[in-house]
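K.L.:
The structure that follows is given in the form of structure tokens.
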Amino acid sequence: MIRSCLLDEVTLMDNDAAVRRQLVKQYIANFELDRLLHTFKLNAGLPSQAKPLGGWEAENCGLRGHFVGHFLSACAKLAYADGDPHLKLKANTIVDVLDVCAQPNGYLSAFEEGVLDVLEQEENRNVWAPYYTLHKIVQGLIDCYHYLGNAKALTLALNLAHYINRRFEKLSYWQVDGILRCTKLNPANEFGGIGDSFYTLYDLTGDANLLRLAHQFDRDYFMSPLASGEDVLNNLHANTHLPMIISAMHRYEITGEEKYKLAAMNFYHFLLGRTFANGNSSSRATHAIQGTVSEKSEHWGAYGRLDNSLTGGESESCCAHNTERIVERLFYWTQEVNYLDHIESLKYNAILNSTSSETGLSQYHQPMGSGACKTFSEPYDTFWCCTASGIEAMSELQKNIWFKGTDTLLLNCFISSTLYWKEKEVVISQQTAFPDSLTSTLVISTKHAAAFTLKLKEGTIADVKINSSSIEYKREGGFILIERVFDDQDIIQIEIAAPLRFVPLQGNEHLVAVMYGNVLLAQLGNEQKFVGISKENLLSRFVKCEKNQLEFVLTDDLGHKAAFKPLFRIEQEQYSVYLELAGR
């Protein structure tokens with residue numbers, strides 16, 4: 001099986017992904033831990049004179065503590081990947097403070113235990129997603145153990161898991177169902193991917209209690225109809241249920257229960273019917289409540305009906321990060337090329353696009369209608385869910401570019417990077433300016449000749465040579481297979497295929513987005529009425545500019561011109577993704 005290369009095996013070297021990742025690394029390195037951990041100390045009855053954070057990490061916010069968990073995950077991943085002793089110390093220091101803040105019963109949070117009592121007792125759920133926040137804390141601790149070997153972090157995670165298990169053991173079936181049923185619009189009891197974290201703790205310990213606890217979060221109202229092929233996504237909150245699929249996939253890998261595999265596979269099909277051109281989903285619910293979140297964002301509507309979903313609140317960034325995790329696992333199960341294309345599209349158009357190239361901070365939503373503008377979080381005063389997931393996404397941005405098996409290497413994205421293939425003692429440097437140019441050069445460095453198969457996605461390749469000579473290769477399952485013994489300083493020269501194509505908005509064939517390969521383009525400025533432009537002649541009217549960075553100009557019959565460039569490169573400018581064409 002081919003799987004994504006590890007974080008410490010890939011180094012980014014480009015001017016887009018590497019820049020954003022470095023900005024996040026600097027943000028984390030400079031963040032004052034006294035401020036970060038202020039509310040944890042207060043909740044533990046410890047003194048703190050730190051200046052409180054604002055937004056969703058404020059002292060009175062129900063979600064306080066969620067950012068700390070993501071921060072710990074990101075810090076651990078960056079420290080591991082880069083061998084950074086300063087960030088390793090920072091992560092371990094966070095764990096030490098959390099250890100002091102933990103209660104003797106295992107409870108560890110920035111909010112009081114009574115919040116969980118309210119969730120268990122009140123039908124109206126007058127709380128804000130406590131298990132969502134506890135998931136972030138548990139996962140941050142797991143990541144600190146996994147990447148940095150911090151045993152204290154694992155102990156804290158296990159203690160908190162056992163605390164939660166003891167609470168659930170006292171509850172009736174209907175109490176659990178009430179706590180974890182998230183079928184209402186704008187749910188306040190969202191619980192994130194905590195089930196997946198508990199499955200990971202089971203993987204590490206073999207503790208049957210943790211396996212049972214994890215299963216509590218595999219809610220049957222969602223899994224059973226999906227497994228039987230019923231589409232139940234309409235009106236559900238998107239980022240509540242995406243992590244539930246991740247957890248279900250983990251359960252299948254542990255137990256082999258086909259129900260959970262079927263649920264995940266069917267879910268993906270239903271998700272595609274609600275997916276925008278950037279590979280991501282979420283917008284208004286079909287039966288939205290006026291004046292609430294569900295009117296503009298965070299939910300799923302009907303299958304194939306995105307025609308009223310360009311609200312300005314579409315494509316929540318958290319959804320992109322969780323969708324990548326789902327699609328990555330689907331590729332592991334099937335090894336099918338279409339999942340890699342989806343990952344590549346997400347990488348450019350929803351994950352890179354989620355983050356500012358100037359600050360490294362994140363968008364909450366990624367609007368794609370006419371005359372849109374990006375809004376990024378502030379360093380210390382917002383802390384949206386997507387601020388938190390965003391820094392973690394940037395800390396692992398190098399994943400899913402390269403994949404490897406025992407004797408197989410697969411290149412998925414044309415992003416300048418260096419791969420250290422430890423098992424083969426091979427280093428491969430990818431040098432490319434894609435999407436600004438359509439070439440990529442792979443340089444092999446090895447002390448000994450290495451036999452392996454290089455796999456490339458057939459749809460992204462126009463030509464490939466080795467040491468300037470044409471070669472023979474196999475075609476199989478949408479891949480090009482180059483099987484050979486590679487020598488030191490072998491050079492693989494790839495001519496990239498990135499044809500222009502348009503993607504209609506599902507539910508309205510006259511609204512289209514334009515792709516350059518798997519890179520989504522956006523028009524600069526307000527979308528205008530293009531005279532004489534239709535789907536039949538749209539792509540032929542695009543002219544590539546003679547510039548260092550990719551840009552196109554579209555000219556209509558009246559001579560009106562519009563400039564287009566990759567969406568992920570837009571920062572301050574007004575832009576439009578979906579264009580209205582003639583024929584309506």
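K.L.:
Across bins of 10 angstrom width beginning at 0, how are the C-alpha pair distances of region 463-523 distributed, in whole percent?
P.N.:
Reading the bins upward from 0: 17, 32, 23, 18, 9, 1.
K.L.:
Once the Cα atoms of helix 385-395 and of the chain are each reduced to a long axis, what angle between those two axes, in degrees from 0 to 90 to the nearest 10, is obtained?
P.N.:
60 degrees
K.L.:
Over all distinct Cα pairs, what is the inverse of the mean 1/r for the chain, reported as the Kirkwood hydrodynamic radius in Å?
P.N.:
Its Kirkwood hydrodynamic radius stands at 24.8 Å.
K.L.:
Assign one of three labels to region 222-282, namely rounded, prolate or oblate, based on the Cα gyration tensor with a ≥ b ≥ c the square roots of its eigenvalues; rounded applies when a/c is under 1.5, prolate when it is not and a/b is larger than b/c, and oblate otherwise. Don't skip to the end; give the middle numbers.
P.N.:
On the way: a/c = 1.97, a/b = 1.67, b/c = 1.18.
Prolate.
K.L.:
Mind ordering 413-420, 125-132, 503-510 by average Cβ neighbours within 10 Å, highest first?
P.N.:
Order by mean packing, descending: 413-420, 125-132, 503-510.
K.L.:
Per-residue HN-Hα couplings for region 278-292, Karplus 6.51 cos²θ - 1.76 cosθ + 1.60 at θ = phi - 60°, whole Hz, x for Gly and Pro?
P.N.:
Whole-Hz 3J(HN,Hα) from phi for region 278-292: 7, x, 10, 9, 4, 6, 7, 7, 4, 10, 5, 8, 4, x, 10.
K.L.:
Quick one: check the C-alpha center-to-center distance for region 1-62 versus region 423-443, whole angstrom.
P.N.:
30 Å
K.L.:
Decide, for region 500-580, between rounded, prolate and oblate: order the square roots of the alpha carbon gyration tensor eigenvalues as a ≥ b ≥ c, take rounded if a/c falls under 1.5, and otherwise choose prolate if a/b is larger than b/c, else oblate. Walk me through the intermediate numbers first.
P.N.:
Details: a/c = 1.41, a/b = 1.18, b/c = 1.19.
It comes out rounded by the Cα gyration axes.
K.L.:
Under the rule of at least 5 residues apart or a separate chain, name every residue whose amide H is placed under 5 Å from the amide H of V503.
P.N.:
Those qualifying (amide H under 5 Å, at least 5 residues apart or on another chain) are A513, V514, M515.
K.L.:
Of all DSSP beta bridges in the chain, what percent run antiparallel (nearest 5)?
P.N.:
If we restrict to bridges inside the chain, about 95 percent are antiparallel.
K.L.:
Residue separation times 0.36 nm, minus the C-alpha to C-alpha distance between L558 and E458: what's the value?
P.N.:
Values: separation 100, 0.36 × 100 = 36.00 nm, distance 3.90 nm.
My answer for the length gained is 32.1 nm.
K.L.:
How would you classify region 31-214 from its alpha-carbon gyration tensor, with a ≥ b ≥ c the square roots of the eigenvalues: rounded for a/c under 1.5, else prolate if a/b is greater than b/c, otherwise oblate? Spell out each step's value before the answer.
P.N.:
Working: a/c = 1.85, a/b = 1.29, b/c = 1.43.
Oblate is the answer for region 31-214, as a/c is 1.5 or above yet b/c matches or exceeds a/b.
K.L.:
Place the peptides 31-43, 351-363, 387-399 in order of packing, highest mean first, counting for every residue the other Cβ atoms within 10 Å and averaging per peptide.
P.N.:
Descending mean neighbour count gives 387-399, 351-363, 31-43.
K.L.:
Subtracting the Cα-Cα distance from 0.36 nm times the residue separation, let me have the gained length for L204 to L539 in nm, one decimal.
P.N.:
Gain on stretching L204 to L539: 115.4 nm.
K.L.:
Expected output is a single nm value to one decimal: the length gained when fully extending between Y380 and T408, i.e. 0.36 nm times separation in residues minus the C-alpha distance. What is it?
P.N.:
Difference between extended and current length: 5.7 nm.
K.L.:
Sticking with this structure for a sec: How many nm is it between the label spots at T334 and K184, if each spot is 7 Å from the Cα in line with the beta carbon?
P.N.:
For the pair T334/K184, the computed spacing is 3.6 nm.
K.L.:
Could you tell me how many degrees, from 0 to 90 and to the nearest 10, lie between the Cα long axis of helix 258-272 and the main elongation axis, the longest principal axis, of the Cα atoms of the chain?
P.N.:
With rounding to tens, the tilt is 50 degrees.
K.L.:
Here is a further query. Can you list the GluC sites (Glu not before Pro) in region 218-313 that are in a DSSP coil and have 11 or fewer other beta carbons within 10 angstrom? Present the calculation step by step, with values, prior to reporting the outcome.
P.N.:
On the way: sites: E230, E253, E257, E258, E295, E298; in loops: E230, E257, E298.
Within region 218-313, the qualifying GluC sites (Glu not before Pro) (loop, at most 11 other Cβ atoms within 10 Å) are E230.
K.L.:
Rounded to the nearest 0.05, what FRET efficiency is calculated for S228 and E169 with R0 set to 25 Å and r the Cβ-Cβ distance?
P.N.:
Numbers: r = 30 Å, r/R0 = 1.21.
Once rounded, the FRET efficiency stands at 0.25.
K.L.:
Next question. Could you work out the helix-only [θ] at 222 nm for the chain, with each DSSP H run of four or more residues adding -39,500 (n - 2.57) and the total divided by the number of residues, to the nearest 500 deg cm²/dmol?
P.N.:
On the way: 17 runs with 213 residues, N = 584.
Only helices count here, giving -11500 deg cm²/dmol.
K.L.:
E316's amide H: which non-local residues (gap 5+, or another chain) put their own amide H closer than 5 Å, with H modeled 1.01 Å from N in plane and none for Pro or chain starts?
P.N.:
Those qualifying (amide H under 5 Å, at least 5 residues apart or on another chain) are E298, Q366.
K.L.:
If one takes the longest principal axis of the Cα atoms in the chain, at what angle in degrees, from 0 to 90 and to the nearest 10, does the Cα axis of helix 317-334 lie?
P.N.:
70 degrees
Just so you know, all these numbers are worked out from the coordinates, no wet-lab data involved. This structure is a prediction, so every number in the text was calculated from the model and none was measured. Glycine also receives a Cβ, built like all others from the backbone with ideal geometry; neighbour counts cover every protein chain displayed.
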